[in-house]
Amino acid sequence: MTKKRERLEVIYDILRIIQSQHNSIKPTPLLRYSNLSSQSFFDYLNELLKKEFVKEITNKKGRKYITLTDKGFKYLEKYKLILGFIDEFEL
Amino acid sequence: MARPPFMDPNFLVIELIFSAIVILLALLIYFRTKEMYALTKHRGINYFRNAFLFFGLAYFFRFVFHLFRISRFLFDINISRQIIAPASLVLTSYLSTMAIFFLVLSTLWKKTKDKPLLQVAQGIAIIIAVLVAVFRTPEILTIAQLILLVFAVIMSYFSYKKSKKHSRLFIIYILLFIIWIFNISVLGPIWFLPFGLRMLSPLISIILFAIIYFRVSKWTK
């Protein structure tokens with residue numbers, strides 16, 4: 001059985017998906033790629049919006065897109081260090 | 001009043017320098033992990049940071065207590081000793097007990113997610129601080145924290161037996177704990193200890209805090 005993903009790992013995966021889609025993706029494909037249940041995906045998305053890791057942009061046609069903010073990019077950049085730190089100090 | 005030989009002003013200066021280094025290292029650990037906590041809001045990181053913030057403050061108030069306690073011998077003055085010395089001792093008691101609990105919680109919080117351990121820790125820290133305030137002596141704090149040390153070692157022993165995972169970090173934390181208790185006890189009945197031996201504990205404190213600081217800075221570039 002595969003191990004349940006930790007919260008930090010799920011956040012990293014969601015942000016990585018957005019980045020890999022040229023930093024612009026609609027919520028529905030993001031939900032599909034993130035491999036989460038609908039409920040927990042929207043919980044995470046709301047958390048990321050609240051923490052300003054991502055933001056919602058609406059284009060001229062009224063379609064919603066999710067993009068990374070500077071804070072989101074920072075998280076991706078620091079993720080390996082964060083994991084290393086947590087592991088080193090057994091947090 | 002005649003100055004006892006162990007209250008040499010040189011000792012106070014060295015103690016001041018050593019305490020300042022420990023406080024600086026503890027605060028550096030706290031501030032270097034700020035961004036990591038801001039990004040993750042990870043509970044373990046929060047406990048870890050608080051442990052070093054509280055340790056830094058505890059070392060500060062320990063030094064204030066020591067300074068005011070011996071001020072009458074060193075400076076022939078008596079600046080609010082009746083208020084400031086006991087107040088610093090009470091603050092030292094609360095802050096250091098919480099620092100120890102935060103350090104223990106930083107590694108145990110995942111296993112005890114639903115238990116209100118932080119509230120229990122705060123309750124114990126307040127009780128110890130009240131006892132110290134009533135009896136106005138560092139010996140109470142030494143005894144209370146020795147009991148906590150025994151509990152921490154027993155808990156860690158059972159945790160080790162379960163996981164079979166060897167932890168070098170645990171040894172550093174236990175040493176930090178022991179050295180802190182020694183730092184407190186030198187304010188009490190064994191303050192007649194030889195100068196060299198008294199200087200050993202702040203020196204070991206600096207080494208332990210420096211080890212932790214360098215391990216932290218490796219991940220917080």
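The values are calculated or read from the model by the stated rules, or taken from the named source; none is laboratory data. For clarity, every value in this text was computed on a predicted model and none was experimentally measured. All Cβ positions, glycine included, derive from the backbone under ideal geometry; neighbour counts span all protein chains shown. Side chains included, ligands, DNA and RNA excluded: accessible areas come from the protein's heavy atoms. Shrake-Rupley method; radii C 1.70, N 1.55, O 1.52, S 1.80 Å.
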Discussion item. Using only the alpha-carbon atoms, how far is helix B:195-217 inclined from the longest principal axis of chain B? Give it as 0 to 90 degrees, nearest 10.
Written reply: 30 degrees
Worksheet item: Shielding of B:32-41 by partners, i.e. mean partner chain Cβ atoms within 10 Å per residue?
Response: 4
Worksheet entry | Dipole-positive endmost among B:V104, B:L187, B:A125 within chain B (Cβ charges, Cα centre) | B:V104
Practice prompt. Can you find, among A:S40, A:N59, A:S20, the residue farthest towards the positive end of the dipole of the range A:7-84? Put +1 on the C-beta of Lys and Arg, -1 on that of Asp and Glu.
Written response: A:N59
Worksheet item: On a 0 to 90 degree scale, rounded to 10, what angle separates helix B:138-163 from the longest Cα axis of chain B?
Response: 20 degrees
Worksheet item: If you average the sequence gap of Cα pairs under 8 Å that are 6 or more apart and divide by the length of the range A:3-74, what percent do you get for the contact order?
Response: 33 percent
Worksheet item: So, with +1 on the Cβ of K and R and -1 on the Cβ of D and E, and no other charges, what is the size of the charge dipole of the range A:7-84 about its Cα centre, to the nearest 20 debye?
Response: 300 debye
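Under the definition of Cα pairs under 8 Å and six or more residues apart, what whole-number percent is the relative contact order of the range B:23-67? Let's see the in-between values first.
Details: 24 pairs, mean separation 24.0, N = 45.
Relative contact order for the range B:23-67 comes out at 53 percent.
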Response to the item:
Note on chain B: contact order normalised by length, alpha-carbon pairs under 8 Å, 6 or more apart, percent, works out to 26 percent
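Given the rule -39500 (n - 2.57) for each run of at least 4 DSSP H residues, summed and divided by the residues of the protein assembly as shown, what is its mean residue ellipticity at 222 nm, to the nearest 500 deg cm²/dmol? If you can, show how the numbers build up before the last one.
Numbers: 12 runs with 231 residues, N = 312.
The helix-only estimate for the protein assembly as shown comes to -25500 deg cm²/dmol at 222 nm.
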Worksheet item: If you take the accessible area of B alone, add that of A alone, and subtract the area of the pair, what total do you get in Å², probe 1.4 Å, to the nearest 100?
Response: 2000 Å²
Worksheet item: In peptide B:88-99, what is the residue-averaged number of other protein chain Cβ atoms found within 10 Å of each Cβ?
Response: 0
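Please get the size of the charge dipole for the protein assembly as shown, origin at its Cα centre, with Cβ charges of +1 on Lys and Arg and -1 on Asp and Glu, quoted in debye to the nearest 20. It would help to have the intermediate numbers written out before the result.
Working: 42 positive and 18 negative charges, 287 e Å.
It works out to roughly 1380 debye.
Classify the range B:109-153 from the C-alpha gyration tensor, please: rounded if a/c falls under 1.5, else prolate or oblate depending on whether a/b exceeds b/c.
Details: a/c = 5.47, a/b = 1.82, b/c = 3.01.
Oblate, because a/c is 1.5 or more while a/b does not exceed b/c.
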